[in-house]
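What follows is a single structure, written as C-alpha cells, with notes after it.
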Amino acid sequence: MNRMRGWMWVGLTLAACLTIGQYQEAFGQGGGGRRQGGTPAPAAPQASVSEPLRTVPERPFDVKDIRLELQVDLAKKIVDGKATLEVRSVKPIKNISLDAVGFKVKQVTLASAGQKAAPAHFKHDGKKLSVDLDSPWPAGRTGTLQVEYVVKEPKDGLHFFAPTRSEPKAPLSVWSQGEPVSNRYWFPCIDAPDQRQTTEIVVTVPEGFEAVSNGKLIERKENSAAHTVTFDWKQDKPHPAYLVTLAVGQYDVVRETWDKIPVLYYVPKGRKDDATRSFGHTREMLTFFSQRFGIHYPWDKYAQIIGYQYGGGMENTSATTLGEMALRDERGMAEGPADSLISHELAHQWWGDLVTCRDWSHLWLNEGFASYAEALWDEHSKGADEYALNMFHKAPGAIRGGNRRPVVDRHYRTPDSMFDGRSYPKGAWILHMLRSQLGDEAFWKSIQRYGTEHRLQSAETTDFRRTLERETGRSLDRFFYDWTERPGHPTLEVTSEYLAPTQQAKVVVKQTQSSEAFAFPFTVAIRSKGKEPTVVQEYVTEKEHTFLVPLAERPEQIDVDPDQGVLAEMKETKDASYWRAQLLDSPGAVSRIRAARHVGESKADADRELLVKALASEKFGGAQVEIAAALAKIGGAASRDALLAGVKDSDPKVRRACIDGLRRFAADAAIAAAMKEILNKGDATDSVEGAAMSAYAKHAGKAGVALLAAYLAKPSINDNLRTSALIALGDVQDLAVLDALLDMAQPGHPRRARGAALRGLGQLALKAKPNDQQREQILKALTAALEEDNNMVRFGVMNTLSELRSMASGTLPTLDKIAKDDGNERLRDLAKRTAEKIRTSMKPPQKVKTDTK
C-alpha cells in the first residue's frame with residue numbers, strides 16, 4: 001500500500017491543506033504511500049520494548065474459500081450479507097472462531113462430512129464470532145459455514161460516502177480498505193496475512209452503478225424489476241483477507257488489454273480522458289515488471305479504481321484502489337503522471353499479493369519491495385540518474401524511520417505502527433544495497449527464485465535471505481543482522497586527502513554511532529582529467545577504516561560512495577578544490593547534489609559564484625532542484641538573481657524549486673515583481689502557480705491580497721489553485737482576509753479548499769496578532785471542523801492545532817473525545833498526540849481539566 005496508508009489517511013489528508021507543489025514535495029508525485037508516491041508515512045509513534053512479543057498465532061483450521069452474497073444500500077449505508085466459508089480442520093477442534101467486528105449476526109448454519117446444513121450455536125461478542133461444533137472434528141475434516149449478517153455504517157473496513165452538509169457534492173459510493181486488519185468489519189474471516197483463501201463476491205447494487213472486486217467478472221446481471229444490477233466476481237487463486245476489495249460507484253470505465261488480460265480504469269464520471277493519460281504507462285509497467293521480476297503478471301485482470309476521499313493507494317489483488325490525486329488533467333500531466341504511486345501499487349501484485357509477509361513484523365517484504373519498484377520504474381523509463389535520485393530522496397525517511405526500531409520488529413504496538421519508514425524507504429534501501437553487493441544478474445535471479453518458490457504463499461525475512469543464499473552461494477547473515485534485526489544505521493565521518501610525499505590518496509572512514517560497527521562495502525572513486533577513474537572498494541567492518549590508494553599525481557576528484565552503496569548519515573571533509581570539481585564535473589548526479597549541499601553551507605562569495613555557475617551549467621533537472629535549494633540557503637544578491645533567471649527554465653520542477661528558493665529571501669520588490677508577472681501570465685502547471693502565490697504573499701505582503709484573492713474564483717483540477725491561494729492569503733498576515741477564510745472554511749465548499757482555509761486561519765492566529773474576538777472566531781471554526789464527519793478535514797485541522805499549541809487549549813475537550821471514542825484508529829492516535837502537544841505547551845494556570853473516564 002502506498003501511504004503510506006497510515007499515511008493513506010494522514011499523509012494524503014494533509015494534502016488538503018497544502019499547495020500542489022508542497023503536496024508533491026512532501027509526498028511525492030503519486031501521493032503515497034499509503035504507499036506511495038514514494039515517500040513514507042509520517043513516522044508513527046514508536047513502540048516501547050515493553051510491547052508484547054508478536055508471533056504468528058496458531059491456526060487450528062483453514063478457510064479455503066469465502067463466498068459473499070451482498071445487497072448494498074448506498075443511501076442507508078447498509079450491507080445485507082451472507083458469507084459462505086469452506087473450512088478444513090488442521091488439528092482436532094471443538095469450535096470455529098472468526099474475526100467479525102461490529103456487525104449484527106442473524107443466523108449461522110453449518111454442514112460437515114456430507115451432512116445437511118443445520119443451525120449452529122454461536123456467540124458473537126462484537127469482535128469474534130465463535131461457532132460451536134455439535135461434536136469435535138478430527139484433523140482434516142471439511143465443512144461449510146454460512147453466516148447471515150448485516151453491516152450498518154461500519155467504523156472501519158468499508159467506507160460509505162453520500163452528499164452531506166459539509167460535502168454536498170460527495171458521490172454516492174463505497175470502497176473497502178482492508179490493510180492491515182479492517183476487512184473483519186464487513187465480512188467474517190481469519191483476518192491475518194498468513195491465511196489465504198479463494199474468494200467470490202456476488203454483489204447487488206442500484207442500477208447505474210458499477211461494482212468492482214477481485215478476480216474475473218463471471219456475470220453481470222440486470223435485475224430490471226428491482227432496478228438493480230448484480231456483479232459476480234471470482235478470485236480463484238488464494239489470497240489474504242486484507243486484500244479482498246469492494247468498490248461501488250457511478251464510474252466511467254476505460255477498458256484496455258495487455259497480453260490478453262483486461263486492464264481497466266474506473267474513474268469519476270466525465271474523466272475518461274484523464275484516466276487514459278494518467279494511467280497511460282500501466283501496460284508498459286506490466287511488461288517491464290513481468291520481465292524484471294522474471295514472473296508473468298499473476299492475476300486475471302488489473303483494475304485501477306479511483307476512490308472518493310481515498311488517500312494513496314491499496315494493492316487489492318487484481319484491483320488497486322487509488323486516491324483522486326492520481327488522476328491528472330492536461331496541466332497536471334505537464335509535470336508527469338503519478339507513476340510513483342502507480343508503479344508502487346502494481347509491483348505489490350507480485351510483492352504483497354503473490355507473495356505475502358507472514359506477519360506484520362515482516363511488512364518490509366511487501367512495502368520495501370513496492371517502494372523499490374518506484375525507483376526501478378524511474379530507472380527503466382528515465383535513466384540511471386533518476387534511479388539514483390529516487391534512492392537519494394528515500395534515504396532520509398529510511399534513516400529517520402529505522403533509527404529506533406528494527407525493520408523486523410516483533411514488539412510492534414499495532415499492525416498499523418509497522419507502516420512507517422522502516423517498511424517503505426528502508427526496505428527499499430535494503431534491496432538497493434543487496435543489488436549493489438550481489439550484482440544485477442545474481443540479484444534478479446534470486447528475486448525470481450524467491451517469487452517462484454513462495455508463489456501464493458506467505459514468507460518471512462529468513463525465507464528471503466535463504467533464497468538469496470541458495471542462489472548466490474554467499475552468506476548474508478551479517479547483512480540481514482545489520483539491516484533488518486537491529487535499529488539504526490552507520491553515521492560516518494569521512495576524511496579525504498592527497499599525500500604528496502607518498503603519492504597516495506588517503507580516505508579515512510569512521511563510524512561514530514554509539515552502537516557496534518556495521519559491516520558494508522565502501523567505494524572510493526578517484527578521477528583525474530583525461531584518465532580513467534581509479535575505483536577502489538573495500539569491506540568496512542571496524543569503527544575506523546583507512547583507504548590508501550597509490551596515485552601518480554594529485555587527483556582532481558575524490559568521490560566517496562558515489563553509487564550510494566550504504567545507507568548512512570555522512571559528514572565529509574576534503575579540500576575545496578575536490579568539492580568544486582565534484583559539483584561541476586562528477587558523472588554521478590547524486591555526487592553533484594552532495595557537493596551542492598556542502599557548498600550551500602558556506603557564505604563565501606566564491607562558493608556563491610560556484611553555485612550560480614553550477615545552476616547554469618547543470619543539465620539534470622533533479623540536480624538543478626538541489627542547486628536551487630543550495631542557492632537559497634547561501635543567500636545573497638547573486639543567488640537571488642540566479643534563481644530569478646531559473647524561474648524561466650523549461651522544466652516545471654526547476655521553476656518551482658527556484659520559486660520556492662526565492663521565498664526564503666527577505667521581502668524583496670524584485671522578487672515580488674517576478675512573482676506577479678508569473679501570476680499575471682499564468683504557468684503551464686498548477687504547482688508553479690501555487691509556489692508563485694506563496695512567494696508573492698511573502699514578498700508583496702498586504703499589497704498582494706487583491707491578486708491572490710482573484711484566484712479564489714479560478715477553476716482547477718482538485719481545486720489546486722484555489723487551495724494555494726487560500727494558503728497564501730493566510731500567510732499574508734493581513735486580518736482583512738479573515739472573513740474570506742472564515743467563509744471558505746464553512747461546510748459546503750470543496751474539501752481541499754476548506755482544508756486550506758482552515759490552515760490559513762491557523763496561520764492568521766499564529767502570525768497576524770488577532771484580537772480576542774477574532775481569535776475566538778478562528779478557534780470556533782477549527783473546533784466545528786473537528787466535530788464533523790469528514791476525516792480528511794479533521795486530520796488537517798489537528799495538524800493546524802499542533803502548530804497553535806497553547807492557543808488551541810479550548811479544543812482539548814473535543815480532541816479528548818475523539819481520542820477516546822472515534823471509530824478511526826488513526827484519528828484517535830493523532831487526536832491524542834495533538835492534545836499532548838497542546839498540554840505540554842501550556843503554562844500550569846492554563847491547564848484544562850477534562851473528564852476522560
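Distance between the C-alpha centres of the stretch 564-625 and the stretch 467-510: 23 Å, rounded to the whole angstrom. For the stretch 489-570, the gyration tensor built on C-alpha atoms gives a prolate shape. Its axis ratio a/c (a ≥ b ≥ c) is at least 1.5, and a/b is the larger of a/b and b/c.
Charge tally around residue 793: other residues with Cβ under 12 Å, Lys/Arg +1 each, Asp/Glu -1 each, net +1.
Legend: residues 542, 58, sorted from most to least accessible area (1.4 Å probe; ligands, DNA and RNA excluded), read 58, 542. Among 759-769, 84-94, the peptide with the highest mean count of other Cβ atoms within 10 Å heads the list, and the full ranking is 759-769, 84-94. Summed over the residues of the chain and divided among them, the accessible surface reaches 38 Å² per residue at a probe radius of 1.4 Å. Counted residue by residue at 0.36 nm each, then reduced by the alpha carbon distance between them, the extension gain from residue 517 to residue 261 reaches 87.2 nm.
In the chain, the calculated helix contribution to ellipticity at 222 nm averages -11500 deg cm²/dmol per residue, counting -39,500 (n - 2.57) for every DSSP H run with n ≥ 4. For a straight C-alpha distance cut-off of 14 angstrom, the aspartates and glutamates reachable from residue 648 (same-chain residues fewer than eight places away being disregarded) are 660, 677, 683, 689.
Across all directions, the shadow cast by the convex hull of the stretch 347-424 built on its C-alpha atoms averages 5.2 square nanometres. In the distance distribution for the stretch 400-537, Cα-Cα pairs more than 17 Å apart total 69 percent.
Within the same chain, lysines fewer than 8 places from residue 843 are excluded, and of the rest, those with a Cα less than 25 Å from its Cα are 767, 769, 780, 817, 820, 832, 853. Pairs of alpha-carbon atoms within less than 8 angstrom and 6+ residues apart define the contacts here; what relative contact order does the stretch 519-652 have, in percent? The normalised contact order for the stretch 519-652 reaches 17 percent. Report, in listed order, any pair from 633/676; 394/714; 216/426 with a Cα-Cα distance greater than 31 Å. In this structure, 394/714; 216/426 exceed 31 Å between Cα atoms. Extension gain, residue 500-residue 542: 0.36 nm per intervening residue step, less the Cα-Cα distance, totals 12.4 nm. As a calculated quantity, the FRET efficiency between residue 272 and residue 220 at R0 = 25 Å, using C-beta atoms, amounts to about 0.80.
Peptides 652-661, 511-520 ordered by packing proxy, namely the average of other Cβ atoms within 10 Å per residue, highest first: 652-661, 511-520.
With a simple spin-label model that places each label point 7 Å from the Cα along the Cα-to-Cβ direction, the separation between residue 836 and residue 529 comes to 5.7 nm. Measuring between their Cα centroids, the stretch 717-778 and the stretch 309-368 lie 32 Å from each other. Cross-link pairs exceeding 24 Å in C-alpha to C-alpha distance, out of 91/152; 82/127; 123/155, comprise 91/152. State whether the stretch 221-260 is rounded, prolate or oblate according to the following rule on the C-alpha gyration tensor (a ≥ b ≥ c being the square roots of its eigenvalues): a/c under 1.5 gives rounded; otherwise a/b larger than b/c gives prolate, and the remaining case gives oblate. Oblate.
Along its principal axes, the chain has C-alpha extents of 92, 71, 59 angstrom, given from the largest down.
Can you send over the carbon and sulfur percentage of the accessible area for the chain, probe radius 1.4 Å, protein chains only? Carbon-and-sulfur percentage of accessible area, whole number: 49. Placing a pseudo-label 7 Å from each Cα along the Cα-to-Cβ vector at residue 474 and residue 150 gives an inter-label distance of 6.1 nm.
Within the same chain, lysines fewer than 8 places from residue 574 are excluded, and of the rest, those with a Cα less than 17 Å from its Cα are 506, 510. When the Cα positions of 434, 537, 800 are compared along the charge dipole of the chain, 800 comes out farthest toward the positive end, with charges on each C-beta of Lys, Arg, Asp and Glu. Were the residues from residue 453 through residue 86 laid out at 0.36 nm apart, the gain over their Cα-Cα distance would be 129.5 nm.
A Förster distance of 45 Å, applied to the separation of the beta-carbon atoms of residue 820 and residue 553, puts the FRET efficiency at 0.05. What does the charge count around residue 377 come to, taking other residues whose C-beta lies under 11 Å from its C-beta (Lys +1, Arg +1, Asp -1, Glu -1)? Its environment carries a net charge of -4. Estimated from the Cβ-Cβ distance and a Förster radius of 30 angstrom, the FRET efficiency linking residue 773 and residue 703 is about 0.70. For the chain, DSSP calls about 80 percent of its internal beta bridges antiparallel. Taken about its Cα centre, the stretch 106-147 carries a charge dipole of roughly 120 debye when the Cβ of each Lys and Arg holds +1 and the Cβ of each Asp and Glu holds -1. Each eigenvalue of the Cα gyration tensor of the stretch 156-312, multiplied by 5 and square-rooted, gives one semi-axis; in descending order these are 25, 21, 17 Å.
Kirkwood analysis of the stretch 696-805, using all unique Cα-Cα pairs, places the hydrodynamic radius at 13.6 Å.
The values are calculated or read from the model by the stated rules, or taken from the named source; none is laboratory data. All values derive from a computational prediction rather than experimental measurement. Cβ sites come from the backbone with ideal geometry, for glycine too, and all protein chains shown count toward neighbours. Protein only, heavy atoms only, side chains kept; ligands, DNA and RNA dropped before computing areas. Shrake-Rupley method; radii C 1.70, N 1.55, O 1.52, S 1.80 Å.
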